[in-house]
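Below is one structure, written out as C-alpha coordinates; the observations come after it.
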(Lines give C-alpha, C1' and ligand atoms only; values in the text may rest on other atoms or scores of the structure.)
Protein backbone atom coordinates (compact mmCIF):
# COMPACT_ATOMS: atom_id res chain seq x y z
CA UNK A 1 0.00 0.00 0.00
CA UNK A 2 1.64 3.28 -1.12
CA UNK A 3 2.61 5.82 1.48
CA UNK A 4 4.45 9.05 1.87
CA UNK A 5 4.53 12.23 4.02
CA UNK A 6 3.30 16.37 5.53
CA UNK A 7 4.33 20.23 8.89
CA UNK A 8 4.76 24.64 10.57
CA UNK A 9 8.35 30.52 13.31
CA UNK A 10 12.74 32.17 16.12
CA UNK A 11 11.09 34.47 18.42
CA UNK A 12 8.26 35.57 16.30
CA UNK A 13 9.67 33.80 13.25
CA UNK A 14 10.31 30.60 15.18
CA UNK A 15 6.74 30.39 16.40
CA UNK A 16 5.36 31.09 12.93
CA UNK A 17 7.56 28.41 11.40
CA UNK A 18 6.02 25.76 13.66
CA UNK A 19 2.46 26.67 12.90
CA UNK A 20 2.97 27.61 9.28
CA UNK A 21 3.08 23.87 8.68
CA UNK A 22 -0.69 23.80 8.75
CA UNK A 23 -0.91 26.89 6.57
CA UNK A 24 1.09 24.95 4.02
CA UNK A 25 -1.09 21.91 4.40
CA UNK A 26 -4.48 23.54 4.19
CA UNK A 27 -3.67 26.40 1.88
CA UNK A 28 -1.51 24.39 -0.44
CA UNK A 29 -3.30 21.15 -0.98
CA UNK A 30 -5.53 22.67 0.97
CA UNK A 31 -4.84 21.56 4.27
CA UNK A 32 -5.45 24.92 6.09
CA UNK A 33 -2.87 26.79 7.98
CA UNK A 34 -1.88 29.12 10.59
CA UNK A 35 0.73 31.69 11.38
CA UNK A 36 0.86 32.61 15.06
CA UNK A 37 3.14 35.61 15.14
CA UNK A 38 2.41 38.75 17.06
CA UNK A 39 1.10 42.13 16.01
CA UNK A 40 0.13 43.40 12.59
CA UNK A 41 1.87 40.62 10.65
CA UNK A 42 -0.44 37.93 12.02
CA UNK A 43 -3.49 40.17 11.60
CA UNK A 44 -2.50 40.91 8.02
CA UNK A 45 -2.15 37.23 7.11
CA UNK A 46 -5.43 36.29 8.73
CA UNK A 47 -7.15 39.22 7.00
CA UNK A 48 -5.74 38.03 3.66
CA UNK A 49 -7.19 34.57 4.21
CA UNK A 50 -10.53 35.87 5.47
CA UNK A 51 -11.03 38.37 2.63
CA UNK A 52 -9.83 36.23 -0.29
CA UNK A 53 -11.00 32.72 0.58
CA UNK A 54 -14.45 31.49 -0.45
CA UNK A 55 -16.54 30.21 2.47
CA UNK A 56 -19.41 27.76 2.04
CA UNK A 57 -21.96 27.85 4.85
CA UNK A 58 -23.57 24.42 4.47
CA UNK A 59 -20.50 22.34 3.58
CA UNK A 60 -20.50 20.19 6.73
CA UNK A 61 -23.23 17.73 7.54
CA UNK A 62 -22.86 18.11 11.32
CA UNK A 63 -21.02 20.09 14.00
CA UNK A 64 -17.76 18.12 14.12
CA UNK A 65 -15.88 21.45 14.14
CA UNK A 66 -17.28 22.55 17.53
CA UNK A 67 -14.04 21.87 19.42
CA UNK A 68 -11.67 23.59 16.99
CA UNK A 69 -9.82 25.29 19.85
CA UNK A 70 -8.81 22.01 21.45
CA UNK A 71 -5.13 21.06 21.56
CA UNK A 72 -5.89 17.36 21.17
CA UNK A 73 -8.45 15.11 19.58
CA UNK A 74 -8.62 13.21 16.30
CA UNK A 75 -9.18 15.54 13.32
CA UNK A 76 -10.26 14.69 9.78
CA UNK A 77 -10.01 17.29 7.00
CA UNK A 78 -11.22 16.53 3.49
CA UNK A 79 -8.98 17.99 0.78
CA UNK A 80 -10.25 18.37 -2.78
CA UNK A 81 -8.62 19.58 -5.99
CA UNK A 82 -10.85 20.82 -8.77
CA UNK A 83 -10.53 22.31 -12.24
CA UNK A 84 -12.24 25.62 -11.69
CA UNK A 85 -12.84 28.29 -9.09
CA UNK A 86 -16.42 28.08 -7.82
CA UNK A 87 -18.60 31.16 -7.50
CA UNK A 88 -19.66 31.28 -3.88
CA UNK A 89 -21.23 27.96 -2.99
CA UNK A 90 -22.25 27.06 -6.55
CA UNK A 91 -19.91 24.13 -6.87
CA UNK A 92 -22.27 21.62 -8.46
CA UNK A 93 -21.08 20.38 -11.83
CA UNK A 94 -17.40 20.16 -10.87
CA UNK A 95 -15.67 16.84 -10.37
CA UNK A 96 -12.77 16.43 -7.96
CA UNK A 97 -9.52 15.11 -9.47
CA UNK A 98 -7.81 15.13 -6.06
CA UNK A 99 -9.56 13.55 -3.07
CA UNK A 100 -7.46 13.31 0.09
CA UNK A 101 -8.32 12.85 3.76
CA UNK A 102 -5.93 14.52 6.21
CA UNK A 103 -6.16 12.58 9.48
CA UNK A 104 -4.42 13.73 12.66
CA UNK A 105 -4.01 11.41 15.62
CA UNK A 106 -5.50 12.27 19.00
CA UNK A 107 -2.31 13.86 20.36
CA UNK A 108 -1.72 15.86 17.14
CA UNK A 109 1.77 14.39 16.89
CA UNK A 110 1.32 12.47 13.63
CA UNK A 111 -0.61 13.04 10.42
CA UNK A 112 -1.77 10.77 7.63
CA UNK A 113 -2.77 11.90 4.15
CA UNK A 114 -4.98 9.27 2.56
CA UNK A 115 -5.63 9.47 -1.19
CA UNK A 116 -8.93 8.10 -2.47
CA UNK A 117 -9.25 6.98 -6.13
CA UNK A 118 -11.57 9.43 -7.84
CA UNK A 119 -13.17 6.53 -9.77
CA UNK A 120 -13.89 4.48 -6.63
CA UNK A 121 -17.37 2.97 -7.09
CA UNK A 122 -19.40 3.96 -4.03
CA UNK A 123 -22.90 4.80 -2.83
CA UNK A 124 -23.51 8.53 -3.27
CA UNK A 125 -26.42 9.48 -0.96
CA UNK A 126 -29.53 10.21 -2.99
CA UNK A 127 -27.91 9.16 -6.28
CA UNK A 128 -27.16 5.47 -5.98
CA UNK A 129 -23.90 3.94 -7.18
CA UNK A 130 -21.46 6.37 -8.80
CA UNK A 131 -17.80 7.35 -8.91
CA UNK A 132 -16.58 9.03 -5.73
CA UNK A 133 -15.69 12.25 -7.55
CA UNK A 134 -19.25 12.57 -8.85
CA UNK A 135 -20.51 13.55 -5.39
CA UNK A 136 -19.05 17.05 -5.79
CA UNK A 137 -20.83 17.44 -9.12
CA UNK A 138 -24.16 16.16 -7.81
CA UNK A 139 -24.37 18.10 -4.57
CA UNK A 140 -21.38 20.39 -4.01
CA UNK A 141 -19.13 20.28 -0.95
CA UNK A 142 -21.87 19.06 1.40
CA UNK A 143 -22.54 15.91 -0.61
CA UNK A 144 -18.82 15.34 -1.18
CA UNK A 145 -18.27 15.52 2.59
CA UNK A 146 -21.18 13.22 3.37
CA UNK A 147 -20.09 10.66 0.76
CA UNK A 148 -16.50 10.47 2.04
CA UNK A 149 -17.84 10.24 5.61
CA UNK A 150 -19.90 7.22 4.58
CA UNK A 151 -17.03 5.61 2.67
CA UNK A 152 -14.34 6.16 5.32
CA UNK A 153 -16.71 5.80 8.27
CA UNK A 154 -15.49 8.93 10.08
CA UNK A 155 -16.86 12.43 10.68
CA UNK A 156 -15.25 15.21 8.63
CA UNK A 157 -14.23 18.23 10.75
CA UNK A 158 -13.43 20.54 7.84
CA UNK A 159 -13.28 20.56 4.05
CA UNK A 160 -10.97 22.59 1.82
CA UNK A 161 -10.87 22.74 -1.98
CA UNK A 162 -8.25 24.35 -4.21
CA UNK A 163 -8.53 25.35 -7.84
CA UNK A 164 -5.80 23.64 -9.89
CA UNK A 165 -4.55 27.03 -11.10
CA UNK A 166 -3.45 27.52 -7.50
CA UNK A 167 -0.94 24.67 -7.95
CA UNK A 168 0.74 26.50 -10.81
CA UNK A 169 0.82 29.88 -9.05
CA UNK A 170 2.15 28.33 -5.84
CA UNK A 171 4.95 26.63 -7.75
CA UNK A 172 5.90 29.89 -9.47
CA UNK A 173 5.89 31.77 -6.14
CA UNK A 174 8.27 29.17 -4.68
CA UNK A 175 10.63 29.57 -7.64
CA UNK A 176 9.86 26.04 -8.79
CA UNK A 177 9.34 22.77 -6.91
CA UNK A 178 11.74 19.82 -7.00
CA UNK A 179 9.86 16.54 -7.29
CA UNK A 180 10.97 12.90 -7.12
CA UNK A 181 9.66 11.50 -10.41
CA UNK A 182 9.14 7.75 -9.93
CA UNK A 183 8.90 6.89 -13.64
CA UNK A 184 9.60 8.69 -16.91
CA UNK A 185 6.60 9.80 -18.93
CA UNK A 186 5.52 12.32 -21.55
CA UNK A 187 2.40 14.47 -21.61
CA UNK A 188 1.10 16.55 -24.48
CA UNK A 189 3.41 19.43 -23.55
CA UNK A 190 6.17 18.10 -21.26
CA UNK A 191 8.57 15.23 -20.67
CA UNK A 192 9.36 14.08 -17.13
CA UNK A 193 12.47 11.98 -16.51
CA UNK A 194 12.79 9.52 -13.65
CA UNK A 195 14.67 11.06 -10.71
CA UNK A 196 14.64 14.53 -9.19
CA UNK A 197 13.30 17.23 -11.49
CA UNK A 198 12.51 20.90 -10.82
CA UNK A 199 9.10 21.89 -12.14
CA UNK A 200 7.77 25.32 -13.02
CA UNK A 201 4.10 26.24 -12.74
CA UNK A 202 2.84 24.81 -16.04
CA UNK A 203 4.92 21.65 -15.59
CA UNK A 204 3.58 21.15 -12.07
CA UNK A 205 -0.01 21.40 -13.26
CA UNK A 206 0.64 18.84 -15.99
CA UNK A 207 2.48 16.57 -13.54
CA UNK A 208 -0.35 16.37 -10.99
CA UNK A 209 -3.11 15.96 -13.57
CA UNK A 210 -1.70 13.43 -16.07
CA UNK A 211 -3.09 9.90 -16.00
CA UNK A 212 -3.34 8.70 -19.61
CA UNK A 213 0.45 8.21 -19.87
CA UNK A 214 0.39 5.39 -17.29
CA UNK A 215 -0.70 1.78 -17.46
CA UNK A 216 -2.38 2.14 -14.07
CA UNK A 217 -3.77 5.60 -14.89
CA UNK A 218 -5.25 7.31 -11.86
CA UNK A 219 -3.20 5.28 -9.38
CA UNK A 220 0.09 6.69 -10.69
CA UNK A 221 -1.52 10.13 -10.77
CA UNK A 222 -2.25 9.80 -7.03
CA UNK A 223 1.39 8.87 -6.42
CA UNK A 224 2.52 11.90 -8.46
CA UNK A 225 0.19 14.19 -6.50
CA UNK A 226 1.72 12.92 -3.27
CA UNK A 227 5.24 13.41 -4.66
CA UNK A 228 4.39 16.98 -5.65
CA UNK A 229 3.06 17.76 -2.18
CA UNK A 230 6.22 16.40 -0.60
CA UNK A 231 8.24 18.65 -2.90
CA UNK A 232 6.14 21.66 -1.96
CA UNK A 233 6.64 20.94 1.72
CA UNK A 234 10.39 20.66 1.30
CA UNK A 235 10.41 24.05 -0.42
CA UNK A 236 8.11 25.75 2.08
CA UNK A 237 9.78 24.31 5.17
CA UNK A 238 13.13 25.64 3.96
CA UNK A 239 14.45 28.24 6.42
CA UNK A 240 14.90 30.71 3.55
CA UNK A 241 11.13 30.64 3.14
CA UNK A 242 9.84 30.27 6.68
CA UNK A 243 12.35 32.72 8.12
CA UNK A 244 11.09 35.55 5.93
CA UNK A 245 7.68 37.09 6.67
CA UNK A 246 7.58 38.69 3.21
CA UNK A 247 7.77 35.28 1.53
CA UNK A 248 5.17 33.80 3.86
CA UNK A 249 2.84 36.71 3.11
CA UNK A 250 3.26 36.27 -0.64
CA UNK A 251 2.49 32.56 -0.38
CA UNK A 252 -0.71 33.29 1.52
CA UNK A 253 -1.68 36.04 -0.95
CA UNK A 254 -1.04 33.63 -3.83
CA UNK A 255 -3.10 30.74 -2.50
CA UNK A 256 -6.05 32.31 -0.68
CA UNK A 257 -7.95 33.38 -3.84
CA UNK A 258 -7.97 29.76 -5.03
CA UNK A 259 -9.23 28.27 -1.77
CA UNK A 260 -12.77 27.27 -0.81
CA UNK A 261 -13.50 26.02 2.72
CA UNK A 262 -16.40 25.40 5.07
CA UNK A 263 -17.53 28.52 6.94
CA UNK A 264 -16.29 27.15 10.27
CA UNK A 265 -12.72 26.92 8.99
CA UNK A 266 -11.91 30.50 9.95
CA UNK A 267 -8.39 31.95 10.24
CA UNK A 268 -8.79 31.68 14.02
CA UNK A 269 -9.53 27.96 13.85
CA UNK A 270 -6.63 27.50 11.41
CA UNK A 271 -4.31 29.17 13.91
CA UNK A 272 -5.56 26.90 16.72
CA UNK A 273 -5.11 23.82 14.57
CA UNK A 274 -1.66 24.94 13.44
CA UNK A 275 -0.51 25.56 17.01
CA UNK A 276 -1.74 22.13 18.11
CA UNK A 277 0.43 20.59 15.35
CA UNK A 278 3.56 22.61 16.09
CA UNK A 279 5.66 19.53 16.96
CA UNK A 280 4.90 17.67 13.74
CA UNK A 281 7.73 17.43 11.22
CA UNK A 282 7.92 15.75 7.81
CA UNK A 283 9.06 12.60 9.63
CA UNK A 284 5.69 12.51 11.37
CA UNK A 285 3.53 12.38 8.26
CA UNK A 286 2.62 9.41 6.07
CA UNK A 287 0.94 9.31 2.68
CA UNK A 288 -1.33 6.33 2.05
CA UNK A 289 -3.78 5.16 -0.57
CA UNK A 290 -7.24 4.12 0.62
CA UNK A 291 -8.04 0.41 0.22
CA UNK A 292 -9.68 -0.51 -3.07
CA UNK A 293 -10.28 -3.42 -5.39
CA UNK A 294 -9.33 -3.90 -9.02
CA UNK A 295 -10.29 -1.68 -11.95
CA UNK A 296 -13.52 -2.71 -13.67
CA UNK A 297 -16.64 -1.57 -15.46
CA UNK A 298 -20.00 -0.42 -14.16
CA UNK A 299 -23.24 -1.82 -15.59
CA UNK A 300 -23.30 1.14 -17.98
CA UNK A 301 -19.75 0.43 -19.13
CA UNK A 302 -17.99 3.23 -17.29
CA UNK A 303 -14.42 2.63 -16.13
CA UNK A 304 -14.41 2.34 -12.34
CA UNK A 305 -12.31 1.21 -9.38
CA UNK A 306 -14.09 -1.47 -7.41
CA UNK A 307 -14.45 -1.13 -3.65
CA UNK A 308 -12.87 -3.47 -1.09
CA UNK A 309 -15.35 -3.37 1.84
CA UNK A 310 -13.34 -5.60 4.17
CA UNK A 311 -10.11 -3.61 3.78
CA UNK A 312 -12.03 -0.34 4.08
CA UNK A 313 -13.51 -1.59 7.35
CA UNK A 314 -9.96 -2.03 8.66
CA UNK A 315 -9.16 1.58 7.72
CA UNK A 316 -12.36 2.80 9.37
CA UNK A 317 -11.44 0.96 12.56
CA UNK A 318 -7.94 2.48 12.58
CA UNK A 319 -9.26 6.00 11.96
CA UNK A 320 -11.82 5.72 14.74
CA UNK A 321 -9.58 4.01 17.28
CA UNK A 322 -6.46 6.15 16.88
CA UNK A 323 -4.52 3.15 15.59
CA UNK A 324 -3.40 4.42 12.19
CA UNK A 325 0.23 3.71 13.10
CA UNK A 326 -0.58 0.00 13.13
CA UNK A 327 -2.63 0.22 9.94
CA UNK A 328 0.10 2.11 8.04
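The values are calculated or read from the model by the stated rules, or taken from the named source; none is laboratory data. The structure presented is a predicted model; accordingly, all values stated were derived computationally and were not measured. All Cβ positions, glycine included, derive from the backbone under ideal geometry; neighbour counts span all protein chains shown.
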#### Entry: strands (runs of 3 or more DSSP E) wholly inside the range 62-122 that include at least 3 residues being at pLDDT below 90, in contact with a helix residue (DSSP H, G or I) (Cβ under 7 Å, 6 or more places away or on another chain) and more than 20 Å from residue 221 (Cα to Cα)
none
### Task
Looking for whichever is part of a helix (DSSP H, G or I), closer than 20 Å to residue 154 by Cβ and touching a strand residue (DSSP E or B) at 6+ places or on another chain (Cβ under 6 Å) here; the options are 312, 222. Which one fits?
222
### Qualifying positions in the range 293-309 - touching a strand residue (DSSP E or B) at 6+ places or on another chain (Cβ under 9 Å) and surrounded by fewer than 19 Cβ atoms within 10 Å (Cβ to Cβ)
293, 294, 295, 296, 297, 298, 299, 302, 303, 306
### Filter result (within 21 Å of residue 226 (Cβ to Cβ) and assigned to a strand (DSSP E or B)) within the range 123-136
131
### Message
Exactly one of these conditions fails for residue 246: (1) at pLDDT 80 or above; (2) part of a helix (DSSP H, G or I); (3) over 20 Å from the mean Cα position of the chain (by Cα). Give me its number.
### Response
(1)
### Query
If we keep just the residues of the range 136-168 that are within 18 Å of residue 292 (Cα to Cα) and in contact with a helix residue (DSSP H, G or I) (Cβ under 8 Å, 6 or more places away or on another chain), which is surrounded by the most Cβ atoms within 10 Å (Cβ to Cβ)?
147
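For every residue, the table says whether it meets (1) touching a strand residue (DSSP E or B) at 6+ places or on another chain (Cβ under 8 Å); (2) closer than 26 Å to residue 254 by Cα; (3) not in a strand (DSSP E or B).
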site	(1), (2), (3)
138	yes, no, yes
148	yes, no, yes
151	yes, no, yes
159	yes, yes, no
167	yes, yes, yes
### Task
Taking the residues in the range 207-219 that are more than 15 Å from residue 176 (Cα to Cα) and outside any loop (DSSP other than H, G, I, E, B) as candidates, determine which candidate is nearest to the chain's Cα centre (by Cα).
209
### Query
When only residues in the range 269-306 that are outside any helix (DSSP H, G or I) and farther than 30 Å from residue 134 by Cα count, which is modelled with the lowest pLDDT?
278
### Query
residue 204 passes all but one of (1) part of a helix (DSSP H, G or I); (2) modelled with pLDDT of 85 or more; (3) over 24 Å from residue 53 (Cα atoms); which number fails?
(3)
